[in-house]
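Coordinate-derived values only; no laboratory data. Please read all numbers here as calculations on a predicted model, not as lab measurements. Cβ coordinates were reconstructed from backbone atoms using ideal geometry, including for glycine residues, and neighbour counts include every protein chain displayed.
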Amino acid sequence: MALIEVSHLAKNFGSFHAVKDVSFHVNEGDVFGFLGPNGAGKSTTIRCLLSLIRPTDGEIKFFGKSLNQNRSEVLTRVGCIIEKPDFYKYLSAQRNLEIFARISGKDITKRQIQEMIDFVGLNGREGDKVSGFSHGMKQRLGIAQTLLHNPDVIILDEPTTGLDPQGIIEVRNLILRLRDEQKKTVLLSSHQLSEIEIIANRMVIINQGRTIVEGNVHELLEKQSMNLEISVANPTVFEETIQREFSSLTARLVYQGTYHIEMEEDIRQPLIQRLVETGCGVKAVIPKRSLEDFFIKMTEK
Amino acid sequence: MLWKNTINELLKIATKIRSYIGIGALTLLIIIVLFAMIADGKSYIGFVTASFEQTLSFNGKILNGNLIAFIIMQMLIVHVPLLISLVTGDLLSGEEAAGTIRMLATKPISRTGIVLSKWIAATIYTLIMTVWLGFLSLFVAKWMFGTGDLIVLNSNGLLIIPEADLAWRFGLALLIAFLALWTVATLSLAFSAFAKNSVGPIVSTMSVIILFTIIGTLDVSVFDSIKPYMFTTHMAAWRSVFEDPYPTSAIWESVLILVAHIAVLLGITLFRFNKKDITS
């Protein structure tokens with residue numbers, strides 16, 4: 001069942017077309033990657049999903065119901081972080097959560113708030129003013145605020161922006177816990193493509209305000225051309241062998257003795273076997289079929 | 001949801017330092033006036049009554065709490081709007097500047113609910129400021145200077161209002177003053193819906209008050225047709241309560257014009273905020 005359906009979404013700011021035609025759907029239980037280069041229209045689309053921005057055209061449905069006509073009902077079941085979570089700095093973490101809990105559409109007790117503070121690891125700091133919090137702590141408080149009313153759908157727009165590596169790992173693990181333990185549906189917009197590759201099962205890539213591709217992450221990656229990075233001890237023999245016997249391949253020198261190879265068909269096994277036979281001195285073979293390559297290929301078109 | 005968010009808004013106002021700047025400044029100003037009157041009140045009153053002393057004989061305590069309250073209200077009613085707009089001009093724009101508007105607008109409360117809860121909170125804050133103004137100017141002044149009849153100098157001459165006839169007049173005057181301040185609070189909230197920080201709404205509100213007040217005092221016939229409809233014309237309507245006979249229809253007219261301003265300004269705020277794309 002699709003929990004989020006976006007059909008032909010468009011948004012103009014005056015004469016500027018920020019989003020031209022974006023469509024995708026997020027199924028129940030998905031961790032859905034929402035990708036696109038800067039200026040592709042990701043943030044505008046997410047803001048439309050959360051009714052911060054009124055779309056010029058198109059339709060957004062949550063749980064099979066129009067967002068436009070069921071805004072309050074929908075938002076009761078949605079939690080979100082848009083870019084960086086901002087709080088009332090002059091209030092404590094607990095008081096901030098109480099404020100958002102009061103207007104979450106659900107009855108949330110002080111005990112539940114405390115449990116959420118414990119869940120994100122802010123116990124002991126709940127009485128401190130948010131003005132003294134680091135970016136990572138604010139992000140954790142933002143996640144607490146997102147989960148406070150036990151939403152069915154969680155929308156995270158660049159949740160790891162500005163976080164240190166430790167913080168990024170913490171957020172990633174938290175999303176995995178939400179997926180595995182709580183079976184939440186997550187829409188995740190991120191520039192961390194490796195993160196999406198690890199976490200997401202489905203994704204959409206948008207560029208210049210339009211949907212480029214949507215589907216299962218692993219199926220999409222399977223379809224793309226197979227790339228390898230090969231390090232050899234004898235580059236001259238390697239280049240001769242490729243030119244003579246594998247002329248259909250594209251081999252590009254990355255740095256001394258290391259080549260990036262693109263192949264349309266999967267001929268890895270005969271290629272490596274031949275390179276070994278000809279005495280290239282194969283030192284390393286690294287598969288390079290990554291989301292990063294796929295993303296660049298899709299957005300360069 | 002509206003009332004729950006109103007509680008949130010009151011909580012935010014109560015925990016912000018800027019909310020106490022107005023109350024603090026008002027308290028300080030009144031204390032200064034009270035001490036000035038203790039120190040030099042008699043010569044101040046003498047200056048006013050000097051021209052009448054050849055024809056009239058003044059008996060009893062002229063410099064009393066009622067007169068001090070009347071003087072304080074006259075002095076401060078022009079300045080209190082600035083103190084009010086310090087808080088109310090920040091209500092929407094402050095959320096925009098802090099980025100919390102995103103958090104607020106993605107909750108199940110409607111945009112109309114957000115504006116109305118802020119407006120109700122602004123109303124309560126304005127009411128508190130008016131009550132505080134009344135308390136300090138009336139009760140503290142009476143406690144310090146005692147009571148007595150009120151001498152009012154207006155365009156018709158000198159009017160002496162008996163002490164027994166003053167309680168309801170002060171009550172009604174404060175009610176009308178509240179209405180005027182409520183209009184200012186709603187005006188700054190309306191500006192706040194258009195701005196991304198609180199400086200703009202506060203400066204804009206004061207600019208409008210100053211501009212309208214200047215237009216109101218200019219004796220130029222071209223402005224005569226708009227003067228009766230400017231809210232600043234009616235901000236001093238509370239003074240009419242201390243006239244004899246009491247001008248009922250003029251006061252009602254002022255009340256209606258102030259209420260109409262509040263309704264229109266609130267309507268503009270609701271329209272603007274409901275149409276607004278939150279991109280911050």
Query raised in the report: B:LYS227: which aspartates and glutamates have alpha carbons under 19 Å from its alpha carbon, excluding same-chain residues fewer than 8 sequence positions away?
Result: B:ASP219, B:GLU253
Query raised in the report: Label point 7 Å out from A:ASN12 along Cα-to-Cβ: which residues of the stretch A:31-69 have amide N under 17 Å?
Result: A:54-59
**Report entry** Cα shape, the stretch A:226-265, gyration tensor, a/c 1.5 rule
**Finding:** oblate
**Report entry** Per-residue mean of C-beta atoms belonging to partner chains within 10 Å, peptide B:95-106
**Finding:** 6
**Report entry** Test item: A:90-98 mean partner chain Cβ contacts at 10 Å
**Finding:** 2
**Report entry** Point-charge dipole on Cβ atoms (K/R +1, D/E -1) for the stretch A:1-120, about Cα centre, debye to 20
**Finding:** 380
Requested in this report: Sort B:MET235, A:MET1, B:MET144, B:MET37 so that the residue with the fewest other Cβ atoms within 10 Å of its own Cβ comes first and the one with the most comes last.
Outcome: A:MET1, B:MET144, B:MET37, B:MET235
Report summary line: Note, the stretch A:227-242: 3J(HN,Hα) by Karplus (6.51, -1.76, 1.60, θ = phi - 60°), whole Hz, Gly/Pro = x, goes 10, 9, 10, 10, 9, 10, 8, 10, x, 5, 4, 4, 5, 5, 4, 5
Query raised in the report: By counting other Cβ atoms within 10 Å of each Cβ, how are A:ARG274, B:ARG169, B:ARG102 ranked from fewest to most?
Result: A:ARG274, B:ARG169, B:ARG102
Report summary line: Using alpha carbon centers only, the stretch A:204-275 is separated from the stretch A:59-137 by a whole-angstrom value of 45
Report task. Give the peptides A:65-77, B:4-16 in descending order of average Cβ contacts within 10 Å, highest first. Result -> B:4-16, A:65-77
Query - the stretch A:156-213: GluC sites (Glu not before Pro) in DSSP coil with no more than 12 other Cβ atoms inside 10 Å - result: A:GLU181
Query raised in the report: Which residue fluctuates the most in chain A, going by a Gaussian network model with Cα springs under 10 Å, if the choices are A:GLY257, A:GLY121, A:GLY41?
Result: A:GLY257
Query raised in the report: How large is the helix-only mean residue ellipticity at 222 nm for the protein assembly as shown, computed as the sum of -39500 (n - 2.57) over DSSP H runs with n ≥ 4, divided by its residue count, in deg cm²/dmol to the nearest 500?
Result: -16000 deg cm²/dmol
Query raised in the report: Picking from A:GLN166, A:GLN112, A:GLN256, which is most flexible by a Gaussian network model of chain A using Cα springs under 10 Å?
Result: A:GLN256
Query raised in the report: With respect to the cross-link table entries A:LYS11/A:LYS89; B:LYS107/B:LYS276; A:LYS138/B:LYS276; A:LYS129/A:LYS184; A:LYS89/B:LYS4; A:LYS65/A:LYS138, which display a Cα-Cα separation exceeding 23 Å?
Result: A:LYS11/A:LYS89; A:LYS138/B:LYS276; A:LYS129/A:LYS184; A:LYS65/A:LYS138
Report task. Take every Cα pair under 8 Å in chain B that's 6+ residues apart, average their separations, divide by the length, and report that relative contact order as a whole percent. Result -> 25
Query raised in the report: Once you average over the residues of A:161-167, how many Cβ atoms of partner chains fall within 10 Å of each Cβ?
Result: 0
Query raised in the report: Which of B:MET103, A:MET137 comes first, and how do the rest follow, when ranked by fewest Cβ neighbours within 10 Å?
Result: A:MET137, B:MET103
Requested in this report: Compare the peptides B:266-273, B:87-94 by average per-residue count of other Cβ atoms within 10 angstrom and give them in order, highest first.
Outcome: B:87-94, B:266-273
Query raised in the report: Rounded to the nearest 20 Debye, what is the dipole magnitude of chain B about its Cα centre when Lys and Arg each give +1 and Asp and Glu each give -1 at the C-beta?
Result: 1240
**Report entry** Calculated FRET value between B:THR27 and A:TYR90, using beta carbons and R₀ = 30 Å, to 0.05
**Finding:** 0.85
